[in-house]
Amino acid sequence: MVTLLLDSTQLEVVLSATERVLSFRRSSVRVDRSSIVKVQLIDDAWSWLRGVPGPGTQLRGVIAMGTWKSAGGSDFVIVRRRRPSVVIDLNEDAEFERIVLTTRHGLALVQALQLEGDTEPADVVELATGVIPVQPEPPAKPPRTRAPKPATA
């Protein structure tokens, strides 16, 4: 799973060694915070892929990593199976048109991007700790009991 670091100036998608190999990328992806136009939480990242891997790795339905090139531009993709994901739309000055990532910390990323940034990079989960709304569990309902049937003579 990718690690997302966010400070006042940039978002960094830190790639593991395996992710760097499969995405054909030597370093992490860095995006100026001012380049981020929109962030969307999605359930199925596979429907958001457009174009063809170039360079990148794809095993349909299992893994997609690397740069996806299409007529509209290029996207950076790290997708694993059918897990919750995030789509980050970027302006035209950025290296990619958008970034599609499978992460369970999508809500934390959205909330962290709304906060004023710090000068030191921090994990997005740490930035959003305690801010994520948690719905209380509904009270337990008592078990239903049936009324006894009237006795027949």
Review point. What list do you get for Arg26, Arg144 if you sort them by fewest beta carbons within 10 Å?
Key: Arg144, Arg26
**Study point:** Packing-based exposure ordering (other Cβ within 10 Å, fewest first) of Leu15, Leu4, Leu113
**Key:** Leu113, Leu15, Leu4
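Each reported figure results from applying straightforward, stated rules to the coordinates on display, with no laboratory input. Note that this is a predicted model, so its numbers are computed, not measured. With ideal geometry, Cβ positions are generated from the backbone for all residues, glycine too; neighbour counts draw on all protein chains shown.
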